[in-house]
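K.L.:
Below you will find the structure I want to go over with you.
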Amino acid sequence: MSHSEHASRIAVIIPCLDEALTIGSVVADFRRELPDAQVVVIDNGSTDATASIAAAGGAVILHERRRGKGHAVRKAFRQIDADIYLLVDGDGTYPAGDAHKLIAPVVSDHADVAIGTRLEKASRSEVHWINRIGNRLFLSTVNFIFRAEVGDLLTGYRAMTRQFVRQSPIFSSGFELETELTILALDRGARTEEVPVRLISRPAGSRSKIRIVGDGFRILYVIFLLLRDYRPLTFFGGIGLAVGLLGLAPGLFVTWEFAKTHVVRIPTAVLATGLEMVSVSLILAGVILTTVARRFREIAFQVNGIQEDLRSLSSRPRAPSAGGHSRSDDDQDLAAHRGPGAEGHG
Ligand SMILES: Nc1nc2c(ncn2[C@@H]2O[C@H](COP(=O)(O)OP(=O)(O)O)[C@@H](O)[C@H]2O)c(=O)[nH]1
Ligand SMILES: [Mg+2]
């Protein structure tokens, strides 16, 4: 374990649903590779001995009532305080040995997020062909929409800083979690590094929980939902443009016919006008929402700044009171830090 790994408080976050077959060795492997790290298993109502096996291996166990990988990870992010969060699956498909190279860019402060990519040749991964196709499909959609170059969208092996986790409101409940984390990183402009990691197959008797069609649609739905929220001009403007083009045909026809016959075909003219009005409204909605989205980003940035200030203030060693430094002096410090008018607002 490197010096800087020692210095950082690392939490290994392992969402699990019925992984009794593999969780014992997963916990042992990560405890061996990262002896100072906190290994946290979030059990989502497993029907097998996942929780007890993990606890016996020395893992911290969190229980989450609501089913879904997203719910489980959100619980861990909320309850576990660490400098670095290493997210990994509990099915033994991600070697613990790759953890060091995955967290290295985050520990050395070169990245806010390090994504373990499985799709590169170098990673010699055993990705099922359906997952590979699905990944490629969603990947090209996200890269096209967000003008990005993400190499692996659905990987469950990633390292993130505390600040990134605190800035990233996760609303996903299921397997769309990784897609949301990736798009949040793109939207926040997080420094992201991709590290080839190996994916090995599940051992015999161990079953994947993903439902290809159902979860596939959830992932697609989240991509468009986040496109709407984080790129409103692209989303609404794009639909508006399409509607505008659609209205052009009847509009041009009515105009052409009027030019020839001085007769206006009313229903077609109304249709064309209606479509163009919808188009302009959609584009305007996109412009207004883009401005609003920008303001929200600014507010999130300021709130994050205040949180970091408070955190550095509360971690500052308290000077011995010999110099007559009292509690109220601290409050005055805090008030001075927050600026005029903050005092007495608690
Ligand atoms: N806590 C929790 N973990 C889950 C749930 N569904 C899947 N997981 C875990 O998420 C990880 C990835 O799931 P997996 O079935 O391997 O999906 P795949 O790798 O995409 O085939 C595994 O550790 C699962 O146990 C769930 O509903 N709750
Ligand atoms: Mg898996």
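The values are calculated or read from the model by the stated rules, or taken from the named source; none is laboratory data. Fair warning: this is a prediction, and the values are worked out from it, not measured in the lab. With ideal geometry, Cβ positions are generated from the backbone for all residues, glycine too; neighbour counts draw on all protein chains shown. Calculation scope for accessible area: heavy atoms of the full protein, side chains included, ligands and nucleic acids excluded. Shrake-Rupley method; radii C 1.70, N 1.55, O 1.52, S 1.80 Å.
K.L.:
Can you tell me which residue is most open to solvent (accessible area, probe 1.4 Å) among those in the stretch 56-85 that are within 16 Å of ligand 2 (Cβ to nearest atom) and not small (G, A, S)?
P.N.:
Among residues in the stretch 56-85 that are within 16 Å of ligand 2 (Cβ to nearest atom) and not small (G, A, S), the one most open to solvent (accessible area, probe 1.4 Å) is K69.
K.L.:
What number of residues within the stretch 28-76 are β-branched (V, I, T) and within 9 Å of ligand 1 (Cβ to nearest atom)?
P.N.:
Adding up the residues that qualify gives 4.
K.L.:
Related question: Checking T182 against (1) open to solvent by 20 Å² or more (accessible area, probe 1.4 Å); (2) within 15 Å of ligand 1 (Cβ to nearest atom), which single condition isn't satisfied?
P.N.:
So the condition that T182 fails would be (1).
K.L.:
Take the conditions of a type in the set (A, V, I, L, M, F, W, C), free of Cβ contacts under 8 Å to residues at least 40 places away in the same chain and either over 21 Å from I170 (Cβ atoms) or within 15 Å of ligand 2 (Cβ to nearest atom) (or both) and apply them to A20. Does it pass?
P.N.:
When the stated conditions are applied, A20 passes them.
K.L.:
Now for a separate question. Assess whether L139 counts as being buried (at least 20 other Cβ atoms within 10 Å of the Cβ), farther than 23 Å from V26 by Cα and more than 14 Å from the chain's Cα centre (by Cα).
P.N.:
yes
K.L.:
Here's a follow-up. Which pairs have Cβ atoms under 7 Å, sit 6 or more apart or on different chains, and link a residue in the stretch 222-239 that is open to solvent by less than 60 Å² (accessible area, probe 1.4 Å) to one that is acidic (D, E)?
P.N.:
V222/E176; V222/E180; L226/E180; Y230/D187
K.L.:
Of the residues T179, T155, which is under 10 Å from the mean Cα position of the chain (by Cα) and within 16 Å of ligand 2 (Cβ to nearest atom)?
P.N.:
Exactly one of T179, T155 is under 10 Å from the mean Cα position of the chain (by Cα) and within 16 Å of ligand 2 (Cβ to nearest atom), namely T179.
K.L.:
Identify all residues within the stretch 191-216 that are away from ligand 2 (no atom under 16 Å from the Cβ), in contact (Cβ under 8 Å) with a residue 24 or more places away in the chain and open to solvent by 20 Å² or more (accessible area, probe 1.4 Å); write none if there are none.
P.N.:
Hits for the stretch 191-216 are R191, T192, E193, E194, P196.
K.L.:
Please tell me if G92 is of a type outside the set (D, E), surrounded by fewer than 22 Cβ atoms within 10 Å (Cβ to Cβ) and closer than 19 Å to L181 by Cβ.
P.N.:
Answer is no for this residue.
K.L.:
Open to solvent by 80 Å² or more (accessible area, probe 1.4 Å), at pLDDT 85 or above and in a helix (DSSP H, G or I), is that true of L284?
P.N.:
Yes, satisfied.
K.L.:
Out of everything in the stretch 220-240 that is assigned to a helix (DSSP H, G or I) and charged (D, E, K, R), what residue ends up being farthest from L181 (Cα to Cα)?
P.N.:
For the stretch 220-240, the residue satisfying everything is R228.
K.L.:
Working carefully through the options A272, A242, find the one that is of a type in the set (G, A, S) and surrounded by fewer than 19 Cβ atoms within 10 Å (Cβ to Cβ).
P.N.:
Criteria check complete, one pass: A242.
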